[in-house]
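Mind looking over this structure? Questions follow.
The values are calculated or read from the model by the stated rules, or taken from the named source; none is laboratory data. Because the structure is a prediction, the values reported are computed rather than measured. Cβ coordinates were reconstructed from backbone atoms using ideal geometry, including for glycine residues, and neighbour counts include every protein chain displayed.
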Amino acid sequence: MNSAAPFQLNLFEVARPLSALFDQPLPPRNVVMQRANQLAFRLSRDLGVPVRLSVTDNRSTMVSFRRAQAALRIRVHHMFLDAPERVVRAIADYAGRGRRSAGPVLDEYIRGKQPLIRQERHPNESELDPYGRFFDLQAIFDRLNEGYFHGGIQARIGWGRMPGKRRRKSIRLGVYDHQTREIRVHPSLDRPDVPGFFVDFIVFHEMLHQLFPSDDAAGRRIHHPRAFRERERAFPVYEAALRWERDNLRLLLKA
Ligand SMILES: [Zn+2]
């Protein structure tokens, strides 16, 4: 029997909601962590598969899941942290066994916990929508995070705003904000004639920015330190992506 923890917690997401969340006092962070741990453990034990749990402060999606290669990823609103056994079982049924019968149990629980669902956006929570018409940035991010970073990059990702109609001479295809840990991808990439490997490359590049923050050497800011560049060059489609960008920049500028 493998004694390694069968689950992982996304600390970033557990940490984020706790400050400005309710008017009522919240349990301290370590208590929340402990509950999240227990919940992940119970789900994993119930289902017999590794579970990767994220705790959210979402306003609309209370439970969601996705089967990843290494683990079943489950995202739950923090209202579920002290859910009773039958509700935890319903999460497992829903996310792990695809049982529709779990729906009413979850719905009823969520209805009873309505006051815990935040009505307002966090003040600095901007719109960040990962779902484009052609590319799902969240899926791309998750796949790259799993494949190249051991799941260690903690960031939100979404499409940037569509810029005005004026002519552009250059275009910034991605941006990473260290403060908010947000990746934005230029919306001109969300079109069917942009190859998936190129979007992969842009997202990968922005993820590297979290791993290798810019370097202040001799009073000069180096946005892409040497280690950054080395990791970037090792990305399998590095050459192809640069080539594609060179050959198609005009198309992107026109978008
Ligand atoms: Zn960069």
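Could you tell me whether any residue of segment 91-98 is over 19 Å from N145 (Cβ atoms) and at pLDDT below 90?
Within segment 91-98, one or more residues are over 19 Å from N145 (Cβ atoms) and at pLDDT below 90.
Could you list all residues from segment 234-255 that are of a type in the set (K, R) and in contact with a helix residue (DSSP H, G or I) (Cβ under 9 Å, 6 or more places away or on another chain)?
So the first thing to find is which residues in segment 234-255 are of a type in the set (K, R), and the list is 243, 246, 250, 254.
Once the filter is applied, which keeps residues that are of a type in the set (K, R) and in contact with a helix residue (DSSP H, G or I) (Cβ under 9 Å, 6 or more places away or on another chain), segment 234-255 yields only K254.
On to the next question. Take L39 and tell me if it is surrounded by 16 or more Cβ atoms within 10 Å (Cβ to Cβ) and assigned to a helix (DSSP H, G or I).
Criteria met by L39.
Okay, moving on. When the residues of segment 180-193 are filtered to those that are farther than 18 Å from A139 by Cα and over 16 Å from the mean Cα position of the chain (by Cα), which remaining residue is surrounded by the most Cβ atoms within 10 Å (Cβ to Cβ)?
Filtering first and then ranking leaves S188.
Another question, then. Only one of S64, S60 is among the polar types (S, T, N, Q), closer than 24 Å to Q138 by Cβ and part of a strand (DSSP E or B). Can you tell me which?
Numbers: S60 fails: part of a strand (DSSP E or B).
From the options S64, S60, the qualifying one is S64.
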